[in-house]
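Accompanying notes for the structure given below.
Quick note: the coordinates plus some simple rules give every number you see, no bench work behind them. What you see is a predicted model; the values in this text were computed from it and never measured. Glycine gets a Cβ as well: all are built from the backbone with ideal geometry, and neighbour counts include every protein chain shown.
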There are 2 protein chains.
Amino acid sequence: MWVPSAAMMGSGEALGLSFSNDNVKGCVLALVSSAFIGSSFIIKKKGLLRAGVSGPRASVGGYGYLKEPLWWLGMITMVVGELSNFVAYIYAPAVLVTPLGAMTIIVSSILAHFMLNEKLDKLGILGCNLCIVGAVVIVLHAPTESSLTSVDEVWELATQPAFLLYTASALAVVLVLILYFCPRYGQTNLMVYVSICSVIGSLTVMSIKALGIAIKLTLEGSDQFVYFQTWIFASVAVTCIICQLNYLNMALDTFNTSLVSPIYYALFTSFTIVASVIMFKDWSGQSASTIASEICGFVTIFSGTTILHSTREADIPSPTDIYASLSPKVTWYIQGNGDSWKQKDEDGQYPDFPSSLRQDYF
Amino acid sequence: MWVPSAAMMGSGEALGLSFSNDNVKGCVLALVSSAFIGSSFIIKKKGLLRAGVSGPRASVGGYGYLKEPLWWLGMITMVVGELSNFVAYIYAPAVLVTPLGAMTIIVSSILAHFMLNEKLDKLGILGCNLCIVGAVVIVLHAPTESSLTSVDEVWELATQPAFLLYTASALAVVLVLILYFCPRYGQTNLMVYVSICSVIGSLTVMSIKALGIAIKLTLEGSDQFVYFQTWIFASVAVTCIICQLNYLNMALDTFNTSLVSPIYYALFTSFTIVASVIMFKDWSGQSASTIASEICGFVTIFSGTTILHSTREADIPSPTDIYASLSPKVTWYIQGNGDSWKQKDEDGQYPDFPSSLRQDYF
């Protein structure tokens, strides 16, 4: 096993490694986040299964799971994971952190294999391998972001003409989609809701990254909350998260999760990468070969995700693991809006889901 | 589309590109080879189908396909492809050429989709994408071999202690497999025959590469066939090819092609890469990051191949496309030993093969 030494970190160039200390932190945090979020699905499910044994099930109105310590442990694990993901964005470029969100599905698939007896078949193992290989390629070629010393600098990046143009186009596209396409094709074409979520998602990540940098600087002693820019980033973040979740729920409510998840992952990651490349100039100074490798790594992870979703259709981790690359609020919201899942569960839209577990989970 | 200019070729380092003029030639030749071999399967099948219309079928002893121009066109296409593959080994390292052999299956799958109406499903398309992405990663990170000026230099590389040790271990492993494991487990464990082919295959490629360099130098005016070393390489190449084909036929005769093909591809490529890395020192001077990327690219291609094989089980291109990365003789031999295929065809070992086409092909 090749372990990068501290000396290499600073001058990784000699080895062809472009990662910095900050990238290593961000990458480790993103992976820790995936491990926590991935295992939280399994722990919560164990809790729900156990609660279902002694009382009415969650799907028929039971709240027994609230008394189940395992379920609470799962919720805590998830919050820790989401926080870790949030901090990862502060250190490393979104181009690195966002694609690594796919590791969540690997962790939950592997844990489900051993702890819940939901066996991974050959294709599933292949999908896991692909996610890992793609992640390695992305990590090896990730760009290094120059560290920022004040929110003012982030504000300058956010108000550069190129990024303003991106934001304006994103908003225009979202408005057209919401006002024209939603009422006409929203219920029949999966791409409408998913595109809205993904485009807004790229703005969410950018504003969360800005907010994260502000919090980091504040904790380091330089209070950033005296600047109005920090509050603008905060309100943009909240607005974007609410919009994104609203349309994500509509997408998940209307279409099959195993279709929505990989497409959402691909679009969300793509738009986030585009936004990050424009705002933080991630790719400037990178060679064509490095950028091409990053894109290949992303395509590989996406393929792995698709394969895993196709083999674990309608399985539990699938619907929620896509939130791994968002803020803590996301998962809680889903938790509170679980009713749409119950309906789907009852009218049998997830035929592959083992009937013995079905009622317990939701 | 980014097109490398001639100026970049020589000093690709500045762009982070490690490929040389020779690597570009080798890569193009390997891809041309895959295109020819891949389409030869389709052309030959078209020829066999057409021959089957007007006379007794090949599978019941008919030789009508010998009068069919399309079948001959297919054979010529295949020979051109194999020659091109052979020449590719002269220019580029085996680490680059061998994995690209997987492109054959993409070409034949895509052509089969359009010309033979054997539709690629979603997983098939995903498999194709993975093969392409993996190939791009490998090409971007391929090492550059120093060009050799005489067979004597190749001989020195082949007789360096490290490579002699590899050859000795390879021969020892093969002998143990043939003498001890074949009689006991050959008919029940797929790995026995496939391992023999793969280990010998790595020696085949090395000797073919040495022979190719000798032919190239001879054509350039410096006769290499006056050296006894050239004749040793030639006889090693012939011996290895015959052994390899013998055990490959036994493997294909005993086990399902859709299992043999991807495992053989993975093992054969792995051993060839190891042999090439030892003999030609392909990885010396490469960074850990580049080597890791190459391995990731190879794993990605392998996964793509596995997916394609799993979706196109028992389809025609599968059994033979694995020979793409060998010498011209390979395909001819298979052609001459087609009887084993006929048997399989008749006792229905290929259940997925459309019955309307079954009898025609073999």
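Just a few scattered comments:
- Near-label residues of segment B:143-179 by backbone N, under 20 Å of a point 7 Å along Cα→Cβ of B:Tyr227: B:145-165, B:167
- Shape summary: segment A:129-168 maps onto an equivalent ellipsoid whose semi-axes, from the alpha-carbon gyration tensor, are 30, 15, 7 Å in decreasing order.
- In the assembly of identical copies, B:Val238 has its label point, taken 7 Å from Cα in the direction of the beta carbon, separated from the corresponding points by 8.4 nm (ascending, one decimal).
- Per residue of peptide B:290-297, the mean number of Cβ atoms on other chains within 10 Å of the residue Cβ is 6.
- Förster radius 25 Å - calculated FRET efficiency between B:Ile242 and B:Glu220, Cβ distance, rounded to 0.05: 0.25
- Gyration tensor verdict on segment A:146-281 (Cα atoms; rounded if a/c is under 1.5, prolate if a/b is larger than b/c, oblate otherwise): prolate
- Where chymotrypsin sites (Phe, Trp or Tyr not before Pro) fall in DSSP loop in segment B:149-204, at most 15 other Cβ within 10 Å: none
- Karplus (6.51, -1.76, 1.60) ³J(HN,Hα), θ = phi - 60°, over segment A:236-241, in Hz, Gly and Pro reported as x: 4, 4, 4, 4, 4, 4
- Net charge dipole size for segment A:117-201 [Lys, Arg +1 and Asp, Glu -1 on Cβ; Debye, nearest 20]: 500
- Residue-wise HN-Hα coupling along segment B:157-174, computed from phi with Karplus coefficients 6.51, -1.76, 1.60 (Hz; x: Gly, Pro): 4, 6, 9, 5, x, 4, 6, 4, 4, 4, 4, 4, 5, 4, 5, 4, 4, 4
- Segment A:146-281, dipole about Cα centre (Lys/Arg Cβ +1, Asp/Glu Cβ -1), debye to the nearest 20: 360
- Signed unit charges on C-beta, dipole axis of segment B:146-281, positive-most listed residue B:Thr230, B:Leu259, B:Tyr247: B:Leu259
- Sorted shortest first, the distances from the A:Ile178 label point to those of the same residue in the other copies are 7.3 nm; each point sits 7 Å from Cα along Cα-to-Cβ.
- Across segment A:67-164, Cα pairs under 8 Å and at least six residues apart give a relative contact order of 29 percent.
- Taking the convex hull of the alpha carbon positions in segment A:42-200 and averaging its projected area over all directions gives 14.2 nm².
- Peptide A:118-131 has a mean of 2 when you count, residue by residue, the C-beta atoms of other protein chains within 10 Å of its C-beta.
- Across segment B:211-216, coupling constants 3J(HN,Hα) worked out from phi with the 6.51/-1.76/1.60 Karplus curve, θ = phi - 60°, read 5, x, 4, 4, 5, 4 Hz, and Gly and Pro carry x.
- The residues A:Cys296, A:Cys27, when put in order of fewest to most other Cβ atoms within 10 Å, stand as A:Cys27, A:Cys296.
- Dipole of segment B:146-281 computed with +1 at Lys/Arg Cβ and -1 at Asp/Glu Cβ about the Cα centre; of B:Trp155, B:Ser207, B:Cys182, farthest Cα towards the positive end is B:Cys182.
- Links that overshoot a 20 Å alpha carbon limit, given the list A:Lys45/B:Lys122; A:Lys25/A:Lys216; B:Lys45/B:Lys67; A:Lys45/A:Lys67; A:Lys46/A:Lys67; B:Lys25/B:Lys46: A:Lys45/B:Lys122; B:Lys25/B:Lys46
- Per-residue mean of foreign Cβ neighbours for B:280-288 is 2 (Cβ atoms of other chains, 10 Å radius).
- When you restrict to C-alpha pairs under 8 Å that are six or more residues apart and normalise by the size of segment B:146-281, the relative contact order lands at 38 percent.
- Relative to its residue count, segment B:154-197 spans a Cα convex hull of 61 Å³ per residue.
- A convex hull fitted to the Cα coordinates of segment A:258-308 yields 56 cubic angstrom per residue.
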